[in-house]
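Let me begin by presenting the structure, written as structure tokens, before commenting on it.
Please treat every number below as a calculation from the coordinates, not as lab data. Note that the coordinates shown come from a computational prediction; the quantities given were computed from them, not determined experimentally. Neighbour counts run over all protein chains shown; Cβ positions are idealised from the backbone, glycine included.
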Amino acid sequence: MTTAAPLALYGPAFAADPHGHYDRLRLHGTMAPVELAPGVAALLVTDYQAALDLLRDTHTFSKDPRDWQAGVPDDSPVLPMLGYRPTAMFSDGEVHERYRQAINDTLAMIEPHVLQAQVAAVSERLLREFAGAGTADLVASYAQMLPLHVFNTWFGVAAADSDRLVAGITGTMTSTGNAVAAYDDLVDVVSALVADRRAHPRRDLTSYFLAHPARLNNDETVRQIAHTMVTGHEPTTNLIANSLLRILTDPRYAGSVYGGAMTAHEAINEVLWQDPPLANLSAHYARYDTEFHGVRLREGQLVLVSYAAANSDAAPEAAAGPAGSGQNAHLAWGAGPHGCPARQPALLIAITAVEQLTSQLCDMELALPTAELLWRPGPFHRALTHLPVRFTPLAAAPAGAGGKGAEE
């Protein structure tokens, strides 16, 4: 295996120019040494075919991190994302199938037409809060809040816990010094919710998890829900924000999916190709000493997939244009048995959120140069810190004037 010095995937330098880092990593071949946090090394797959092979190979690689984790400090900021817990993400074989079936069956309870109506209603409600001001931060006021309201409704989270939920999710994903505390607080919120639903079931996804034939215990239920929230809310927030940025800066969209020649779905697919909200993840561990795509791996070695780098490696020209961006061969949703189980609801939320906003704020534009936008540091995500815009203020409209009813 290569002995080159690892390239750091944390800090502002990587956040500001991830694709420049991926270009340098490709010089090493199909995978290259990286550092996820100080002292935490890994190999990152940047080649599309190698990434696809890794994601599908359950014989050479395991998803269980416990042997690797034994050599990582307990307070490492990447453990909230990579450390073992009883969930589908960190399991193999029959255990994985049990957890995954519970997730699949529970998420299947989300009816698309109800979800779309709900997103439209939440969008209208959020818009009313800032549309009259003529300015807004679309991350804090819209992209982050919309999926939060949706998740709160479907899982039955109390509105009073919303701030803790967001702080826990974003802190976990950012993988900085407070990541462990952020994840612990998220677990506390979900634990209280699960305990309540165990005693008093309701018609929400938390209760469905508990009632599933997999017979998850309380801790298993807490961990599935916390994982679903981290890998569902945060990427959906980033997908909405990154897609809005593309619409605001690409002349093909003319600042709106209604005023331009491209659709919201096309903008979102372009982001999934070029700046996927989960940029690097899919941790795998070699089951034994082996060679994979020309690279020697030792038993237990951590290997991650760069969806962002693999996508641009697969079709750099196609991904840059509307034809390529409309295809679904990108790896933003992963692949193989651990592929994202929430792909369809996440897409529906993002498309509806973008369409609703751009149809109302037709003349919005960035409130500062693109180069001055800040991206949140962290090895796993592609996330804007803020997205300030200005637009012609809208007159206040009566509640319910523009949304669709749930029965429509």
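General observations
- Over the chain, DSSP H runs of length four or greater, each weighted -39,500 (n - 2.57), average out per residue to a 222 nm ellipticity of -14500 deg cm²/dmol.
- Nonlocal amide H pairs with MET31, under 5 Å, H built at 1.01 Å: THR46
- Note on the chain: with a GNM built from Cα contacts shorter than 10 Å, the maximum mean-square fluctuation among ASP289, ASP313, ASP64 falls on ASP289.
- Put the Cα centre of region 169-207 next to the Cα centre of region 82-108 and the gap is 17 Å.
- Sequence-distant residues sharing a close amide H with TRP375 (under 5 Å, placed H): THR385
- Taking one quarter of the surface of the C-alpha convex hull of region 209-253 gives a mean projected area of 4.1 nm².
- With N the number of residues in the chain, Rg(Cα) / (2.2 N^0.38 Å) evaluates to 0.97.
- Applying a DSSP loop filter and a limit of 11 other Cβ atoms within 10 Å to the trypsin sites (Lys or Arg not before Pro) in region 190-289 leaves ARG202, ARG203, ARG215.
- For the pair LEU374 and ALA167 in one chain, pulling the backbone fully straight at 0.36 nm per residue adds 72.7 nm over the alpha carbon distance.
- Applying 1/(1 + (r/R0)^6) with r as the Cβ-Cβ distance of ARG343 and ALA8 and R0 = 30 angstrom yields a FRET efficiency of 0.45.
- Kirkwood radius for region 258-297, taken over all pairs of different Cα atoms as the inverse mean of 1/r, rounds to 13.6 Å.
- Ellipsoid semi-axes in whole angstrom, largest first, where each is sqrt(5λ) of the Cα gyration tensor of region 160-260: 34, 18, 11
- Under-5 Å amide H pairs with GLY134, H placed in peptide plane, nonlocal only: LEU394
- P(r) tail fraction, region 44-197 - alpha-carbon pairs more than 29 Å apart, %: 34 percent
- Short-range pairs are left out: with C-alpha atoms under 8 Å and at least six residues apart, the relative contact order of the chain is 26 percent.
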